[in-house]
Amino acid sequence: MSPDDTLSILMIIGGDIVQRAVAQLAGSGPCTPYWHFAPVAFSFGWLAYSVSALTSAVGDGRLLPQPDCPIHVVNAKTGYRRQNASWVLGRLVRDYENRKFKSGSLTIAFYRTRKDGPQAGVPARDWVYWSGVLVILAQLAISVIPGALHGNWIVLIVTVGGTILALLGSGMPQWREEKYAARKIDPEKPEVVCLTRGNGSTFAMVVTSETGIRFEDLAGGRDKRRLSTSIMSGLLAILWIVLLLTVEGLDGDAWYLLAIGGLGMVQNVIAAGAERTADALGLHFEDFDRKKDVIAMDKVMDTLMEAERTHTGVGLAMLKLFFPGDLRPHEQVFWDRMRTLKAEKEAAAKQARANAKLLSPQPTLNSVPILNSEGKESDESFRTMSFEKPSAKDGSSSYVVPSR
C-alpha cells in the first residue's frame, strides 16, 4: 500500500480521541469572547471528529464527550445525590484516585478550594499544554522540508491548513462555556460535596468550596449550545473534506505528511488520556496534608463513621451509596444519633443567622418619595423617611431622620 492510500484511510479514524483531547485542553490558553487557544495538534482524526461534531451540534448541541469515569456527586448538607454529567469532575476523581490513593478499604480525602490565586474555570498550563504547542511547531518545521528540498510546498499548505482548522475547531467559545457551566458560590453559603464512584469503590473525595463555582451545577451538565457553534461546525466539516481531497491529490513526499499526521495523533492520544492535577483541570485546591486531610480505616463503615464525627454530614451523605441495605442494630443507633446531632447543629446555625439579621441596622421606608415640580424630592419626603435601629439594651427602637 502506498503512503497516499494510507493517508486517506488514516484521515477517517480517531475522531473520539480528538474530542477527548480538546476536552482536556479547552480553556487553557489565551481567551477572547470569540475564540480561545487550545493546543490540539493537526492529526488524522480531525476529519472524523468534524463530522461527529456536526451531528452533535445539530442534535443535542453538546461539544464535550460524556464523562469516562462515572461518579456520584452528593451534597453533604442536603444529602441530595445525582449522577455526574461533567467531564471535568469525572477526570478529577479518576486522576486523583489512580495517582494518590490505593487501598483495600475506603479512603476519604478532604480538599478545600483556594480563596485566592487563580480563578476557578481557568486551567493552569501544565506539560500537556506545552507539549501540544511544541508538537504544532514541530509539525510546521517538518512540513517545510519537502518544499526546501524539492520545491513541493503542498505538504506545507496541507499542514498549515489542517493546523488552522484544528485550532478553529478546538477554540470555539462553547467548549469553555460548556466545560465550566456553573454558578459562582455565595461566600455566605459554602458548598460541601462528596465525589465517589459509589458502592465497591475504594476512594471518595470531599470538596469544601467557599469561593469558585458550584460543583453541583457542574455535575448537572448545563446546556450551553450556541447557534454559531452549529454554523461553525458545518463550515469546518466542509473544509476538512476539502483538505482530504487535497491530500488525495498529493503527488510525492507523502511520507512527510504521514509523519506529521502521526506526530499529531501521538499528541492527541497523550492529551486525551493524561493524568492531570486539579489546577490543570481548572479547579484550584489549597495545600493538601495527607496526614490531616485523609480518613482511611480498616472497614468501610468505620471510615464513614469517623468522617461523620469529624465532618458533619459527610458520612450520612455517602451512607446509602455504600450501604443501600439494612444496617446492624448498633450501626443504626449510631447513625440515628448522628442525624439528630446534624439537625440540632443546623437549627442552631439557622437561629444564629436570624439573630444576627435582627441586630443589624435596617432602614425602614415609611413613604414613597414625593417629587416637586422640578422632578426632585421635596422636603416632605425627608420628613417621612426614617431608619429604625434596635437598641442593644432594652430592645426599644429609635428613629433618626437622615441628613440631607
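Which residue pairs have Cβ atoms closer than 7 Å, lie 6 or more positions apart in sequence or on different chains, and pair a first residue in segment 277-303 that is under 21 Å from A317 (Cβ atoms) and of a type outside the set (D, E) with a second residue that is exposed (fewer than 14 other Cβ atoms within 10 Å of the Cβ) and at pLDDT below 95?
As it stands, the answer is A296/S103; A296/S105; M297/S105; K299/S105; V300/S105; T303/S105, since those pairs meet every condition given.
Here's a check for you: in segment 19-71, which residue that is assigned to a helix (DSSP H, G or I) and among the hydroxyl-bearing types (S, T, Y) is surrounded by the fewest Cβ atoms within 10 Å (Cβ to Cβ)?
T55
Against the condition touching a helix residue (DSSP H, G or I) at 6+ places or on another chain (Cβ under 6 Å) and either free of Cβ contacts under 8 Å to residues at least 12 places away in the same chain or polar (S, T, N, Q) (or both), how does S209 come out, does it pass?
no
So L134 clears everything in (1) closer than 20 Å to V74 by Cβ; (2) out of contact with any strand residue (DSSP E or B) (no Cβ under 7 Å at 6 or more places or on another chain) except one condition, right? Which one?
(1)
Determine which member of the set A148, A182 is farther than 19 Å from A21 by Cα, surrounded by fewer than 16 Cβ atoms within 10 Å (Cβ to Cβ) and modelled with pLDDT of 90 or more.
A148
G200 is checked against (1) of a type outside the set (V, I, T); (2) closer than 20 Å to A271 by Cα; (3) part of a loop (DSSP other than H, G, I, E, B) and fails just one. What number does that condition carry?
Failed condition: (2).
Name every residue in segment 54-102 that is at pLDDT below 90, over 30 Å from M318 (Cβ atoms) and not polar (S, T, N, Q), in order of residue number.
Listed by number, the residues that qualify are L54, A57, V58, G59, D60, G61.
Tell me, yes or no, whether segment 89-100 has at least one residue that is buried (at least 17 other Cβ atoms within 10 Å of the Cβ), outside any helix (DSSP H, G or I) and under 17 Å from the mean Cα position of the chain (by Cα).
no
Based on what the data block shows, is R91 within 20 Å of A26 (Cβ to Cβ), assigned by TED's automatic domain parsing to the domain that holds V22, in contact (Cβ under 8 Å) with a residue 60 or more places away in the chain and touching a Cys at 6+ places or on another chain (Cβ under 7 Å)?
Taking the combined requirement at face value, the residue satisfies it.
So V333 passes all but one of these: (1) under 26 Å from the mean Cα position of the chain (by Cα); (2) over 29 Å from R91 (Cα atoms); (3) at pLDDT 95 or above. Which condition number does it fail?
That leaves (1) as the condition not met.
Residue by residue through segment 109-132, note down the ones that are part of a loop (DSSP other than H, G, I, E, B) and not β-branched (V, I, T).
Listed by number, the residues that qualify are R114, K115, D116, G117, P118, Q119, A120, G121, P123, A124, R125, D126.
Mind telling me which of the residues V247, V160, V155 ends up being surrounded by 15 or more Cβ atoms within 10 Å (Cβ to Cβ), in a helix (DSSP H, G or I) and at pLDDT 95 or above?
Only one candidate qualifies: V160.
Scanning segment 178-197 for residues that are part of a loop (DSSP other than H, G, I, E, B) and charged (D, E, K, R), which turns out nearest to M297 (Cα to Cα)?
Checking each candidate, the answer is R197.
The values are calculated or read from the model by the stated rules, or taken from the named source; none is laboratory data. Just so it is clear, the model here is predicted, and its values are computed rather than measured. Note that each Cβ is placed from the backbone with ideal geometry, even for glycine, and that neighbours are counted across all protein chains shown.
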